[in-house]
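Here's the structure we're looking at; comments come further down.
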Amino acid sequence: MDYDFAKIERKWQEFWQENKTFRAEDFSRKKKFYCLVEFPYPSGDGLHVGHPRSYTALDILSRKKRMQGFNVLFPMGFDSFGLPTENYAIKTGIHPAKITKKNTERFTSQLKSLGFSFDWDRVISTSDPGYYRWTQWIFLKLYEKGLAYKARIPINWCLSCKIGLANEEVVDGACERCGGKVEKREIEQWMLKITAYADKLLDGLKDLDFLDKIKAQQSNWIGRSEGAELDFGLKNSKDKIRVYTTRPDTLFGATYMVLAPEHELVRRITTPDRAAEVEEYRRRCAKLSDIERQENKEKTGAFTGAYAVNPVNGADIPIWIADYVLTSYGTGAIMAVPAHDERDFEFARKFKLPIRCINRPAPGDAAKAGLSVEKVLEGEVCWTGDGELINSANADGLDINGMNIAAAKARTIAWLNERGIGEKSVKYKLRDWVFSRQRYWGEPIPMVHCHDCGWVPLPESELPLLLPDVDRYEPCDGGQSPLAGISGWVDTKCPKCGGPARRETDTMPNWAGSSWYFLRYIDPDNNSAFADPEKLKYWMPVDWYNGGMEHTTLHLLYSRFWNIFLHDCGLVPTSEPYKKRTSHGMVLGEGGEKMSKSRGNVINPDDVVRQHGADVFRVYEMFIGPFDQAAAWDTKGIAGVDRFIRKVWKTFTETKIAERRMTRDEERILHATVKKVSEDIDSLDLNTAVSQMMICMNELSKSADIPREAAESFVRILCPFAPHIAEELWERLGRPAPVSLAEWPGFDANLAKADEVEILVQINGRPRVRFKAPAGTDKDALVKMAMENPEVLPAIAGRTVLKTVSVPDRLVNIVLKT
RNA sequence: GCGCGGGUGGCGGAACUGGCAGACGCGCCAGACUUAGGAUCUGGUGGAGAAAUCCAUGGGGGUUCGAGUCCUCUCCCGCGCACCA
């Protein structure tokens with residue numbers, strides 16, 4: 001009988017929908033399992049073949065958990081605010097909401113055609129007022145707790161998108177989205193104080209089951225460093241300059257100081273004779289874009305003519321300005337220790353500044369780095385490793401000579417503390433989150449500016465603050481959002497005093513909606529809270545979250561921030577939202593290049609489904625390679641999976657299902673397969689799970705009939721991968737539908753093992769002979785069998801056996817004296 | 001430069017705590033059946049050799065009875081961060 005996949009797939013998709021097979025039940029007695037995939041942005045291009053890779057993998061996991069008796073929440077939604085839709089609206093004049101609706105419908109039907117076991121009753125869309133009402137509500141909470149503020153700050157301004165970008169959205173000095181030029185502009189922006197959560201975001205990582213590289217990326221991004229802040233007095237002045245250093249132990253080696261060119265004290269301290277050059281240098285730096293500043297790593301700088309006094313030894317040290325010191329980090333000023341810092345060393349060499357070694361490496365350590373201790377002592381090379389402090393004592397009670405870095409640090413900080421010159425200080429690379437976008441298609445920020453009262457939050461009762469209808473979506477030239485042009489919307493009354501006021505016209509970035517969506521799935525229709533606390537308590541945290549590596553620094557950090565914040569407010573039950581996080585590899589075009597319209601190598605999932613069916617598509621995407629690694633699409637490779645699925649169909653529809661017991665061989669292969677597939681799903685090693693099912697199928701298809709037990713087990717483990725064909729075969733086996741909720745087969749590890757194994761005999765590590773032995777034969781017995789083997793006897797005759805090594809079920813190695 | 005991953009047949013990739021390298025699939029070769037189809041079935045397929053054997057997991061050293069797997073040095077590729085004091 002022909003395998004009419006189109007008909008079968010439609011039939012079962014309708015069945016699942018009508019019977020709500022995959023509905024997640026709130027407060028079920030079963031153990032819960034919350035399985036989450038990143039929801040897509042409903043772009044006009046439709047589903048990419050990359051989406052189903054992640055969705056299929058976690059669908060398989062969800063389906064297996066369900067069959068194992070878990071109450072599974074596996075939801076889907078749409079991250080529907082965003083720039084591409086808005087740009088399309090600008091081009092065509094069609095309202096973004098209409099475009100979004102159309103795209104969402106297309107995505108929905110594509111997703112349904114792939115047979116994912118989503119609970120379709122929980123679909124959410126971030127641009128839906130019923131949803132963004134709560135995004136706005138959370139913003140008001142953040143404002144209430146002092147974590148949202150407006151500030152005039154230099155931001156990254158994309159000239160082509162006419163939009164402010166978060167630091168995270170600037171890649172290589174260019175706009176992440178359009179690749180356009182980015183420049184600095186000072187604009188009033190709403191900011192979220194994510195830096196207040198830097199430590200919690202860092203500490204929270206410890207106990208999470210995230211891939212190591214994900215943890216590493218998050219913690220690098222937060223960039224915590226411990227050091228000290230301290231004051232350097234100015235020579236001939238009462239002014240002080242505060243520096244930040246991670247190496248207070250090197251204070252005796254500080255031979256000059258550097259301020260960022262933009263540092264506020266520069267003008268004040270520069271001596272008249274140096275003013276022209278300093279001004280010139282400052283001007284040059286201001287002109288450079290971030291990219292240019294990054295490209296040119298050769299050190300530049302200018303001397304201000306002023307001197308600071310090193311607090312530990314009273315030495316006068318010259319003050320320079322240089323663009324290798326950044327205003328945005330630390331205090332914008334550093335003490336330079338050229339002997340023990342690569343950058344300072346390079347700068348000192350170029351400008352002939354003194355290099356004073358105060359840390360002697362152990363000879364071994366120096367040799368390992370290819371350096372000699374003498375050169376370090378003479379200041380001819382830079383030493384950043386640990387060693388023994390030298391030349392580091394003063395008459396004022398500080399003596400760190402002979403100490404290592406850690407001890408010297410602690411002692412120096414204590415000394416600074418005693419004198420009120422400085423103290424321990426912790427810094428982060430993480431910056432506050434720029435939360436304003438000068439755009440239309442985003443959540444309006446629910447704030448009103450009153451002439452008398454300043455910024456006033458909208459009362460909760462006025463949420464959602466709806467986006468008004470407009471005809472044009474272009475940002476205004478002054479950098480203002482299109483909303484600024486609608487006076488009927490902008491002009492309002494102050495919620496506090498009733499006086500005339502203006503609404504905020506910026507909208508939120510598209511990271512806003514995705515920062516809490518996992519909470520809304522739990523209670524998507526709630527009108528009185530973002531989610532019911534009891535339901536949150538039942539479902540949270542997310543047990544397994546999979547998404548792209550590209551979201552590791554942004555989305556993952558932002559959403560953890562919001563969840564930790566909501567937890568601090570007592571609104572969600574767990575501090576961390578995601579227990580486990582994995583990432584999938586990208587699906588590349590044929591030949592390993594990225595899929596793109598311009599390369600013409602885009603594979604449309606609809607075509608694959610039409611040609612091969614959803615089941616083949618799903619299994620192929622799992623078989624393509626290790627889940628976490630990039631994989632290139634291979635049209636020929638689908639043929640192998642297509643053959644496998646057809647073989648399954650043929651075997652089960654044409655071979656007699658026998659009411660007999662399994663043979664020992666059948667029993668062994670079946671238990672081995674159930675074991676391997678069960679374990680592989682739990683670790684998402686889905687390529688090897690598929691391969692095992694192929695092996696099993698090849699075996700089963702050899703016999704004249706298939707015992708019922710084998711057939712039923714096989715169909716059940718196939719179900720998560722190829723659910724449509726599994727349902728159909730299950731029905732044909734006379735079992736009640738759906739197999740999707742049938743019990744997952746168990747296995748007996750002992751039955752999965754062969755009864756008889758082949759033992760390899762090695763002589764001096766060289767393979768010699770093989771013999772059969774019952775599985776589990778003990779070491780000594782194996783050695784005895786090997787030594788008595790007729791082919792081994794002559795090889796060892798008359799020679800001294802030094803040692804025998806015996807590994808049960810594997811091999812015996814006889815080591816002879818040579 | 002720093003931090004994570006990786007280098008295994010013609011290709012995608014297997015290989016549990018060290019134990020017969022190359023599972024499974026693609027491709028290729030031969031045969032069967034058909035012969036219009038990316039059809040199906042059977043057998044073969046790392047390299048060299050007639051064979052016994054020998055050589056093979058980026059390269060060099062090492063540990064071990066035994067190394068793709070552990071240690072060490074080194075080369076290449078991908079990703080992330082990058083003048084963060």
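Taking square-rooted eigenvalues a ≥ b ≥ c of the alpha carbon gyration tensor, is region A:145-215 rounded, prolate or oblate, where a/c under 1.5 means rounded and, failing that, a/b exceeding b/c means prolate?
Details: a/c = 3.83, a/b = 1.47, b/c = 2.60.
Oblate, because a/c is 1.5 or more while a/b does not exceed b/c.
What number, in percent, do you get for the relative contact order of region A:126-213 if the mean sequence gap of Cα pairs under 8 Å and at least 6 apart is divided by its residue count?
Working: 93 pairs, mean separation 24.5, N = 88.
Once normalised by length, the contact order is 28 percent.
Going by average Cβ neighbours within 10 Å, how do the peptides A:119-128, A:50-59 rank, with the highest at the top?
Values: A:119-128: 19.8, A:50-59: 23.3.
Going from most to least packed, we get A:50-59, A:119-128.
Dipole of region A:98-178, Cα-centred, from +1 at each Lys and Arg C-beta and -1 at each Asp and Glu C-beta, to the nearest 20 debye?
Details: 13 positive and 9 negative charges, 75 e Å.
So the dipole magnitude of region A:98-178 works out to roughly 360 debye.
What's the angle, to the nearest 10 degrees (0 to 90), between helix A:275-287's Cα axis and the longest principal axis of chain A?
30
With the cut-off at 19 Å, tell me which of the pairs A:240/A:287; A:656/A:702; A:647/A:675; A:215/A:579; A:32/A:200 have Cα atoms farther apart than that.
Among A:240/A:287; A:656/A:702; A:647/A:675; A:215/A:579; A:32/A:200, the Cα-Cα distance tops 19 Å for A:240/A:287; A:647/A:675; A:32/A:200.
Taking amide hydrogens as modeled 1.01 Å from N in the peptide plane, which residues meet the under 5 Å criterion relative to residue A:155, leaving out close sequence neighbours?
Here the answer is A:185, A:186, A:187, since their amide H atoms fall under 5 Å of that of residue A:155.
Taking a cut-off of 29 Å between Cα atoms, list the lysines near residue A:368, but don't count ones fewer than 8 places away on the same chain.
Within the straight-line limit of under 29 Å, residue A:368 reaches these lysines: A:213, A:297, A:299, A:350, A:352, A:409.
Mind jotting down the distance between the C-alpha centroids of region A:720-779 and region A:426-495, whole Å?
Cα centres, region A:426-495 to region A:720-779: 62 Å.
Non-local amide H neighbours of residue A:256 (under 5 Å, H modeled in plane, Pro and chain starts lacking H): which ones?
Result for residue A:256 returns A:336.
Once phi is turned into ³J(HN,Hα) by the Karplus curve 6.51 cos²θ - 1.76 cosθ + 1.60 with θ = phi - 60°, what whole-Hz value does each residue of region A:120-125 show in order, with x for glycine and proline?
Result, ordered by residue: 5, 7, 10, 4, 10, 9 Hz.
Please list, in order along region A:150-165, the HN-Hα scalar couplings obtained from phi with the Karplus expression 6.51 cos²θ - 1.76 cosθ + 1.60 (θ = phi - 60°), rounded to whole Hz, x for Gly and Pro.
My calculation for region A:150-165 gives 9, 9, 8, 9, x, 10, 7, 10, 7, 5, 8, 7, 6, 8, x, 10 Hz in order.
With axes computed from alpha carbons, what is the tilt in degrees of helix A:342-351 against the longest principal axis of chain A, rounded to the nearest 10 within 0 to 90?
40
Sum up the charges of everything whose Cβ sits under 14 Å from the Cβ of residue A:202, counting Lys and Arg as +1 and Asp and Glu as -1, but leave residue A:202 out.
Working: positive: A:200, A:206, A:215, A:224, A:427, A:429, A:560; negative: A:199, A:203, A:207, A:226, A:576.
Neighbour charge sum, excluding residue A:202 itself: +2.
Positive end of the dipole of region A:671-772, charges at C-beta (+1 Lys, Arg; -1 Asp, Glu), about the Cα centre: which of A:696, A:757, A:745 has its Cα farthest in that direction?
The residue sitting most towards the positive pole is A:757.
Quick one: what are the phi-derived ³J(HN,Hα) couplings along region A:641-648, Karplus 6.51/-1.76/1.60 with θ = phi - 60°, whole Hz, x for glycine and proline?
Using θ = phi - 60°, the values come out as 6, 4, 4, 4, 5, 5, 5, 4 Hz.
Charges at C-beta only: +1 for Lys and Arg, -1 for Asp and Glu. How large is the resulting dipole of chain A about its Cα centre, in Debye rounded to 20? Working shown, then result.
Working: 114 positive and 115 negative charges, 137 e Å.
Result for chain A is approximately 660 debye, rounded to the nearest 20.
Of the options A:394, A:485, A:446, report the single residue whose Cα projects farthest towards the positive end of the charge dipole of region A:347-496 (beta-carbon charges: Lys, Arg +1; Asp, Glu -1).
The Cα lying farthest towards the positive end belongs to A:394.
From the square roots a ≥ b ≥ c of the eigenvalues of the alpha-carbon gyration tensor of chain A, which class results: rounded (a/c under 1.5), prolate (a/b over b/c), or oblate? Walk me through the numbers before you get to the answer.
Numbers: a/c = 2.55, a/b = 1.32, b/c = 1.93.
It is oblate, given that a/c is not under 1.5 and a/b is not larger than b/c.
Any idea what the dipole of region A:721-818 comes to, in debye rounded to 20, about its Cα centre with Lys/Arg Cβ at +1 and Asp/Glu Cβ at -1?
So the dipole magnitude of region A:721-818 works out to roughly 880 debye.
Quick check on region A:127-281: take the gyration tensor over C-alpha atoms, sort the square-rooted eigenvalues as a ≥ b ≥ c, and tell me if it's rounded (a/c under 1.5), prolate or oblate.
It is prolate, given that a/c is not under 1.5 and a/b is the larger ratio.
On a 0 to 90° scale, report how tilted helix A:5-19 is relative to the longest principal axis of chain A, with both axes built from alpha carbons and the result rounded to the nearest 10.
The two axes meet at around 70 degrees.
May I ask which residue of A:303, A:332, A:285 lies farthest towards the positive end of the charge dipole of region A:207-354, with charges of +1 (Lys, Arg) and -1 (Asp, Glu) on Cβ and the Cα centre as origin?
The residue sitting farthest along the positive end of the dipole is A:303.
Expressed as a rounded percentage, what relative contact order does chain A have, with Cα pairs under 8 Å and six or more residues apart?
Values: 1495 pairs, mean separation 113.8, N = 818.
Relative CO of chain A lands at 14 percent.
Relative contact order for region A:394-474: what percent, with Cα pairs under 8 Å and sequence separation of 6 or more? Mind dumping the intermediate values first?
Values: 36 pairs, mean separation 13.9, N = 81.
It rounds to 17 percent for region A:394-474.
What residues have an amide H closer than 5 Å to that of residue A:38, excluding those fewer than 5 places away on the same chain, when H is modeled at 1.01 Å from N in the peptide plane?
For residue A:38, the qualifying residues are A:546.
Taken together, the values in this text are just the output of simple stated rules run on the coordinates, not laboratory data. This is a predicted model, so every value here is computed, not measured. Here the Cβ is made from the backbone with ideal geometry for all residues, glycine too, and neighbour counts use every protein chain on show.
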